[in-house]
Every structure is written in C-alpha cells, then in structure tokens.
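Quick note: the coordinates plus some simple rules give every number you see, no bench work behind them. Note that the coordinates shown come from a computational prediction; the quantities given were computed from them, not determined experimentally. Ideal geometry is used to build each Cβ from the backbone, glycine not excepted, and the neighbour counts take in all protein chains shown.
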2 protein chains.
Amino acid sequence: MSWTVGELARLAGITVRTLHHYDRIGLVRPSARTSAGYRSYDGRDLDRLQQVLVYRELGFPLEEVGTLLDDPDADPAAHLRRQHRLLRDRLERTQAMVAAVEKEMEARTMGISLTPEERFELFGNGFSDEYQAEAEERWGDTDAWAQSQRRTSAYTKEDWVRVKTEAHDVQHRFAEVMRSGATADSAAAMDVAEEHRQHISRWFYDCPPEMHAGLGRMYVEDERFAATYEQVAPGLAQYVSTAVQANAGRQG
Amino acid sequence: MSWTVGELARLAGITVRTLHHYDRIGLVRPSARTSAGYRSYDGRDLDRLQQVLVYRELGFPLEEVGTLLDDPDADPAAHLRRQHRLLRDRLERTQAMVAAVEKEMEARTMGISLTPEERFELFGNGFSDEYQAEAEERWGDTDAWAQSQRRTSAYTKEDWVRVKTEAHDVQHRFAEVMRSGATADSAAAMDVAEEHRQHISRWFYDCPPEMHAGLGRMYVEDERFAATYEQVAPGLAQYVSTAVQANAGRQG
DNA sequence: GGAACAGCCTGACGTCGGGTCAGGGTCAAG
DNA sequence: CTTGACCCTGACCCGACGTCAGGCTGTTCC
C-alpha cells in the first residue's frame, strides 16, 4: 500500500507543504518516487510520520525529533513509553492550570482578589512548568519523585510561601559565605549545605547525603539549575555544588 | 511598585527580548519610561502580561491575543471563563492522546496493528467523518496488512517464548475462572486480572491500575482486541474487561 | 571620583516551521 | 484532447522571538 502526498496529508491532518518540508530536511522521506517524480509513502513512512507528529505536538524541535527517531538504541516501544510519560506530564500541568483558573474564578466570585504576584506564581512559569518537567525527566521513576509528588500535592499556598522563603534564605546564606571568602569545602559552607539537604528532606523527599551529592553535581552540569544559582551570585552554582558534595563526604 | 525589563522577565520566566518584542508590537507596553529611557512596568502591566502569557500558552497568535485583551466588552471574568474552557479542551485532547498512545502500546504487545487512519485519528479529528468512507474503502480488508506489519522487538526468541507462554497462561486462567462460574468481579477473577497487569508491566511497559482499566474498556470496545479473547472462549472479552476494571477499582 | 561591571537601550540580521504564490508537468474522466 | 484535480520545484514571506553589535546608565567598591 502506498500514498501520495495529498492523501497522506489528509490522513494525518497536515498540509502538503509540511510533508515537502519534512522531506527536504530529511525528517520523513518517502520511501519511493514514481517515474514522474511523485512522492510515494509506504506503511513504514506513515509509522515514522506519526512518531514525528507526536513529538512535534509535545514541543520538540524537528531536528531533535530526527535525532531521537534515528537513535538506533531506541526501539518503537521506547518511544511510546517516552511519549506516554511526556503526555502524562502535560496532563498534570494542564490540570494544575485548570485548577488555578478555577481557584481564581472562585476568589473573584467571593470578592477576594489575589495579588498579581500570586497569580504569576500560579500561572507564570518555572516552578510548575520547567522545574517540574525537568525534575521529572531526571527523577521520573524514583521513589524520591513519587514521594515529593505525594507530599507537595497537599501543600497550601501558605506552605509554599514558607518553602520558598526558606529556599531563598538558604541560597543567600550560601552567597554570604562565599563572599566572606570561605572555601566551598570549609565547615561554614558545609553547614549551609547541610541546611539545604534538610530543607529538601523536610519539604520534598527524603534526601540522604549520597543523593544530595548527586543533586550537587547536577547544579553545575545542568545549565538551567546552574542559572538559578548564578542569578543570585556569579560562581555560586559551582560553589554550592562543591559544598554539597563536600558535606556529603563529611557525612558518609 | 515598578519593575525593569530584567526583573519582570525573571518574574515571568521569559526573556528581556520577549518584552522588547511585546513592547514594539504594542502588546504589553510599559506604562512609563525613566528619564534615561528605561522601561518601567507597573502592576497593571504585569497583570496584562500574565493574561498574554496564558493565551500564548494556549496557542493564540499574539495579534489575536491583543485584540482579545483590547476588547472593551470583555471583562477579566470573561477572560477567565474563556481560558477555563480552552484549558479543559486541551485537557480532553491530551487525554485522548494518552489513550491513543496506550492503545498503540497495547496493540504492539498483542501483535495487532492499528490502521493508519486510526493512528492519525486524534490529529485530524474534525474532518475524520468526511474521510471515513474513503478510509473504510481503503482498509476494508486490513488483515493482510496488519499481519505484515507485525512489530519488531528487542526480545530474543527465548524471551518471546516465555512471554507468549505466560500470556497464554493468563488467558486460560481467565477462561477457567469464568467457566467455574465465578463472576467477573469476584476475587478469583480479579486476582487473574492482577496477574495480567503484572504480566504487561513486566514485559512491556509500566501499567498502573488506572491504565489497566483503560485497556479493559478497550477490550470490548475494539473488536480486534475483543476477537483475541473471544477466540479463547466466547464471552471472555467482556469477562476480562469487567475483571480488569474491578481489579483496578480494588487497587485504587 | 573614577573604574568596573551589570543592566538598559536601539537597530539589524538569523532561525524555525512552515504558508503562499509562480511556473510548469501528470493523469484519469469525459 | 481538453478539463480539472493533483504533483513538482523554486522562491519569497511570516510570526515570534534569538543573537549580536555598538553605545548609554547606574551602582558599587576602592
């Protein structure tokens, strides 16, 4: 069985131009051409196109989709599992957004008005989107993640305020120690690292020193996490990372 | 209270460039400039930016966002209602995609191939009726194609022997329990259902009770899946479906 | 008070994922 | 053998920013 561009486009709900584009960039190539030069897609091409569309829908840039699909270590089942996980992430995030809108609607009907900052926290960004998506990607099927999800789902807004204040506090304590000239493996720095570890354990999930050391490495390896610390003070990401790992060594 | 571009960007989780862009196209304009020409955003600007970001997240082109927000007939509550509706739409759509991926995962484990139009269903939904006739004409006899499209997997032949033996085993245990007269929601039937769930989890993909319940529904709703069970014993598809859903209920 | 440095400004060009003609070949039906 | 639907390859266009470049501002630290 084979399809022309137009047929496939209708089937997949995309345009002919999109198929031309995917052909040109080598993302989905028709497995054959007719003598007249018409593109001819077969079943395996459909298969691939479907995968592409799911990843596209999930917001992946096409180039990355290509490398994902061309990875010889990833069989079809692996893609399905990954897509399933990503879709569930999205489901959760959307549910959170729906809940936030409902909350705001209710607040309005009751004459309570949320401050702009509160609304940004709920809706805006980072905490519920990027952080969560990234963290889940990393900790996807660990106990830690599950535990964190269970605990945080019960937190009230007041809890969150406290969590954030505390986190902010620890960050700035790190910055202070660094500015004081103490090295990252000094007792002072390690003490703050230990506070950091306990902050995580208290609010999110059980974080033993070993695991904490893993987080420390991530703080420099992953630029997004690094950026969070670099925003507070330049060089802080590396400093925190070293301090955290030194502290883990001290405990172990 | 007022914010500079950089501050607002960090607050909202966007870049400075994005704010410049929104200023230039007149979407979010700072309500003031400092004497040096710096942009200065106040609370109402922040408010507006938040609305913009929600609509953007929902996929609206910026120009349309502008006309929506500048509509004098649309009060804040109207925007909330609209956003709520759109978010619920997205929720439904995402749920449909999750279901589609789960269906495909299950199809693979059972060696069934979905038809192309079935797999693209969620992408072209609006017009699917229009092309249904064409698709059915094309795929009236889909068996040959289905069989030719048998999945390939990373398992060794020995693995497959074990997988199939196990699956076969579970099916026949279902049939036995049914023949014994136990109802589909009896403990005995649910126990087999649980084995079934664990079989899938062990060999194919992580299948939590909820997802298992979804599969259960599909076993009767989709005739191809139903046929697999009906072949073992008449009425088994419905029986398995009920048992699986009862078991999921028990777990939840 | 001046140097350093983060942060702000305005162009202006680049990129990604296609949309939209233009100019021309292909093919089944009538 | 014409008509109309469909296909081809350029080539340019667009939205929503990213990414310099070149230059001003303002705080901080000596």
Using just the alpha carbons, could you tell me how many Å³ per residue the convex hull of segment A:5-70 encloses? 80
Hey, with R₀ at 51 Å, roughly what FRET efficiency would B:A188 and B:L58 work out to, going by the Cβ-Cβ distance, to 0.05? 0.55
Spin-label model distance (nm) - A:R29 vs B:D75, 7 Å beyond Cα toward Cβ: 6.1
Taking the square root of 5λ for each eigenvalue of the C-alpha gyration tensor of segment B:31-122, the equivalent ellipsoid has semi-axes, largest first and in whole angstrom, of 43, 15, 11
Positive end of the dipole of segment B:5-74, charges at C-beta (+1 Lys, Arg; -1 Asp, Glu), about the Cα centre: which of B:P72, B:L49, B:V16 has its Cα farthest in that direction? B:V16
Test item: A:94-101 mean partner chain Cβ contacts at 10 Å: 6
